[in-house]
Structures are given as C-alpha cells and as structure tokens.
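Report on the structure given below.
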C-alpha cells in the first residue's frame, strides 16, 4: 500500500519529459596562422540540446563569397584541429558546428587566418664608410613569408661570430644608407634579418669593414704666383689606421675670387705640387686644399686656405666689342667694355687692328691712348673691314691682352626705300618696300614709324623680308617710316615719308529719284570714295515694298561706282510714296537716298446696290457708299437726285472719304417724294459718276 502511494506521489509531481533539440553553435572559435597551416580551436556549445554531443565538423572557404566545404569531422572530445598544406599569404575562413542525437546544430561565426612563416633573408647587403659610422644598404627579401615585413634588425660583430650590437630599421635601406655609429679604427662584420608577424628570418652578412673619420688637414700650404697662374704645394696629413684616420689618396683644390664667399672646384684629383691656371691677372684669389680618401662618403678633410695675392701680367681682353651705327654722331661707332681686370697694373691704351680681304698682313693698327675710352668712330671702315681690339698695361706687345673676336663688317643702309598706299575694301594699307644694302650683309630689319613731328615707335623687329605692310594708319596723316638693317651690327637707317588718303566712303545720289508706279525703271549710282584693290559688294534695301531694288551689286576692283536698277511696284491704292533706300558695304559703311513714287491709280465710287425701291414718303439708307482704293487725299462725293421729274430727294451735304476711312461704307439717305422712276447720281471731281436707279412705290 505504501509503495502504491509513493508511486502515485511521484507520478503526480513529475511533469511531461521535454523532447531533445539540436545543440547550439560551438563557442570561442579561433583560427591561428602557422607555416602553411592554420590551427582551429573551439569550446563546447553552451547547450547540448538535451542530447549528448557526438561529433564536430570544421568547414572552410577561401573567400567571403565562396561555398563552404567541410574539411574535417572530429569526435566529441576534440577541441582543436590543424589544417596543413596551405599556401602562405592567402587568407582562409573557418567555422565549426556540433552534432548530437537530433542532428547538426547551427554554425559558429566565421574566423580567418593567413598562414605565414618568417621572411627570407634580405638581399644585396653592402656597406660603405661614413665619418665615424658604417652605412648599411640592403634590399627587401625575395619572400615575405606570407606576411608583410614590418622591420629589420641590423647586427654587427668585431670577429664575425659574436654579435654584440643591434639596432632596428622600419624599411629596407637601398637609395640612402642606414647609418650605424661605431668605434673609429675598428673592423666590423654586419648582418641583417627581416621581421614579420611570424618572427625574424635568416640573416644576410657582409664584411669586414673598418670605421674611419675624415682625413686630417694638409700642412705647409704655399703658393707661387705668376702671370695667369698660381702653383700650390703642401704636405700630406698624417694617417693612423688604428685610430680610424685614413691616408689621403688625392686632394680637392678650390678657388674663390670673392674672398671665400663662393668656391669653384679646380680639381678633385690634385697632387702636390699643383698649378691652377687660366687665372685673370689683377684679380685677388683665395685657394683652399682638402685631403680626400678612397672612401667617397667620408668627404674631404678640413680645408687649409691661402690668399697669395693677385697674379700680375697682361690684362684680359676687352669685353662686349660691338660695331653699330651711332644715330647722334651720324657715323659708325666701335664700342667696348673694359677688361674685368687691369692685370695688376693700370691700363695704358687700347689697340685696334683692322683688315679685309684686300689687306695683306701685318694688318694696320690704331692706338687709343686714353685707357678710359670705351668707343671710337670708325667711319666707312665698318662696311668692309673686320676689327678686333686688345688692352695693354705696358709699353710692349707682351703687356697686351689677347685679341678679342673680330666684329664687322656690318651692313650698309637699305636701298630703294619707298612707301605706297592702297585700299582693299575699307582697309587702307601702307606698304614699305626696300632693297638689300649694297654690301648685302643685312640679315634682318627693324621698321619704325612716326606721325608728323612725333617720336618714332617700333612697328616690327627682326623682319627678314624686304617689305612691311602697315594697316594701322589714320587718314590724311603725314607719316615717316624708318628701316634699320642688322647684320654684323646695327647699320645706318633710311627713311621715307607718305601722306595717307581719306578713309573709304560709300555714297548714293542726293535724290530724291522720281518713279511712276508701273512706269519705267531707273538706276542709282552706288559709289565708293577710294579705289579698292578688291571687289566691293554692296547690299541695298528699300524701306517700302513700293520700290524694288537690285541687290547686291558689286563695284569691281579698280572702279569707283556701279549702277543699281530700281523700279516702282504696282499696288492697289492711289497713294504716292516717299521711299528710303539704304546701301551697306564693307562691314559698316552705310548711306541712304530717297525715291518719290507717283501713283498711277484713280479711286472709283462703290455702291452696295444700283437699284433701290422706296415707298413713297419714306427715307431709305440701304445704299452704302465707299471707294475701291486708298486715295492720295480727301475725296468729296456729292449725291444729286434727277430733277426731271423730281421724285426723290437726297441730303445736300456730301459724303467725305480720306486715306484712313476710304473703305468704310457710309449710308446714302434717299427719300421718295413722288411715285415713279428716277435716279441719284454720285459724283466727285476727277472720278467717274455712279448712278443709283430709284423706284418710288405706293406707300404701304
């Protein structure tokens, strides 16, 4: 009995058993990169779903859009799996799911890793000597191991096996050195290794290299000055390999002509004694000498300077020798600048030498005894001689500079200079023509112009033709043109003058021209004021359709006028017109004339009805009167009733029509006064009469 009660009690308190479900996703999934492999780890799901976990599946894909592939099934106890045989540097994606007795649960969030190993060794390691340091150079490894290289380790050793120092560099050192400060005089071996996320790779080594400083300063620097040169001598600086002071192998010799502000290299391979030549006598120079070694990156040692004074001798050549026409003097002038130096002694004179093909050597000379002189008139020699110059600071030829390069002969003036003008349409052009100078040496020309008493202004420079067209002149103005030749120098100018003509004009007859409507045509002369070298096309237009005009018309080149035909057009009115013709040409010229048209039409009286019946004793207004065309002025129409016998009456007042209301009908009042037939006549001076027949009937 007790057992039954207990059983009943247990059954009463225990609810229905829940059905098992699939497990939740594995937790803490992680992908760890290895060399050509990835290790995937995970933790058990938070929920088994009420059924024991019996397996795990690892899935992988190579991109974020590729389908998932199951690459491994593991037992329930597994919490890690490593996939091998992968490619370093490529990214792989993983996820894990668990299975129980119900089935596979959901997948974990994806994780990824990039397999990698350490980079290969850096390439092309080398080093050179810098003051108190070694400059280390290398190139990136051929392989980064599948992960970016993020730095390098530079190590050094004094015996090639024990590496006692190290420093790091973020980037490979190729174009510029990675400087490693080391002890002077000591030999070092070097090695470099690259680093990435997997660690340091293998080393690349080189050496040994000895650390040096710059060489010492030369001693005993001395200078011997002579004309145009200085000889330098010196003693080599001491060297001490153990202390890192190298021996000098060559010397840098530098020269300054401004007291040491700027320096020019004379030689970088000099040895003592050394001659610096091509110096200018009379110029104070400073020299400095520095020791060099076989290590180019060390640079020169400390410089030793000496300022021995200026070389003394003949001066250098005069400068800027030129031969040109002097406008003020009206002759050819030789000009020059003094030499840059007097050679260390005051100048005493200049000597000019001149010659042509007919002059046998020795060539004649002329001496200018004033050393301050910088020009001289040479006259016609400029046109057929070459001239050169030298400066002297003593009485003999040995005291004179080298000759300058010769100048001359220069071009003579142009010949046959003339200015003519012509008009093409509305454009006036002055053409300046000339011929080559007699000596044929001109290579280009300048053209200048002035108006009346004004100053010359340049029109063109460097003209290589023998003609210049000037389209910028003003009408009725006096101009002078100047042509300056160039060749070997500036030659003598020549001038010519011209007075420009009037501006182009366009005219029509004063008018008015008389035309009769329907009558014969007429012509009007279309004229220009200046003969044109090109055809001139003229457009004509009428401001009224009453006149037809020929358009366009062409004034031929070389002519001044052409006739254009005009005619009056027949119209429907009786009004004469005053018409304006406009002529236009050459993009802006315009003129007008008048044409008076006499109309050949006469208006006629128009009635709305020619036969009217009017009851006796009544007034009829059904007859409407107007004109058939516009009159030239006022038209008065008088209505007259037939008096024999008198059976109708009309008002004594006339009907009046004008140019504005000629076609507006006006009512004619007719009153029947006696039974029978009669008529009313409408009349106006110069117009045909119009009759209206009247029948007066019995009163209604």
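Read-outs throughout are calculated quantities, based only on the coordinates presented, and are distinct from any laboratory measurement. Fair warning: this is a prediction, and the values are worked out from it, not measured in the lab. Note that we place each Cβ from the backbone using ideal geometry, even for glycine, and neighbour counts take in every protein chain shown.
Points worth noting:
- The Rg/Rh ratio of the range 319-399, with Rg taken over Cα atoms and Rh as the Kirkwood radius over Cα pairs, comes to 0.98.
- Over the range 647-700, all Cα pairs binned in 10 Å intervals from 0 give whole-percent P(r) values of 20, 46, 25, 8, 0, listed from short to long.
- Debye log10 I(q)/I(0) at q = 0.10, 0.13, 0.22 Å⁻¹ for the range 506-598, Cα point scatterers: -0.26, -0.42, -1.01
- For the range 70-101, the residues whose backbone nitrogen is under 19 Å from a point 7 Å from the Cα of residue 43, taken along Cα to Cβ, are 76-81, 95-99.
- Efficiency of FRET from Cβ geometry, residue 421 and residue 596, R₀ 51 Å, rounded to 0.05: 0.80
- Once the chain from residue 634 to residue 269 is taken as fully extended at 0.36 nm per residue, the excess over their C-alpha distance is 119.4 nm.
- Take each peptide in 685-693, 25-33, count the other Cβ atoms within 10 Å of every residue, and average; sorted highest first, the result is 25-33, 685-693.
- When the P(r) is computed for the chain, the part past 37 Å accounts for 77% of the Cα-Cα pairs.
- MRE, 222 nm, helices only [DSSP H, n ≥ 4, -39500 (n - 2.57), over the chain, to nearest 500]: -500 deg cm²/dmol
- Computed over the range 107-174, the P(r) tail beyond 20 angstrom holds 44 percent of alpha carbon pairs.
- Packing, taken as the mean count of other beta carbons within 10 Å per residue, orders the peptides 489-500, 379-390 from highest to lowest as 379-390, 489-500.
- Inter-label distance, nm, simple model (7 Å from Cα along the C-beta direction), residue 231/residue 326: 4.7 nm
- Rg(Cα) / (2.2 N^0.38 Å) computed for the range 219-306, rounded to two decimals: 1.13
- Axis of helix 2-13 versus longest Cα principal axis of the chain: the two differ by about 50°, to the nearest ten degrees.
- For the peptides 647-656, 476-485, residues were scored by their other Cβ atoms within 10 Å and the scores averaged per peptide; the highest-first order is 476-485, 647-656.
- With a simple spin-label model that places each label point 7 Å from the Cα along the Cα-to-Cβ direction, the separation between residue 548 and residue 565 comes to 0.9 nm.
- Proportion of all alpha-carbon pairs of the range 27-113 beyond 23 Å (%): 20 percent
- Convex hull volume per residue in cubic angstrom - Cα atoms of the range 123-210: 83 Å³
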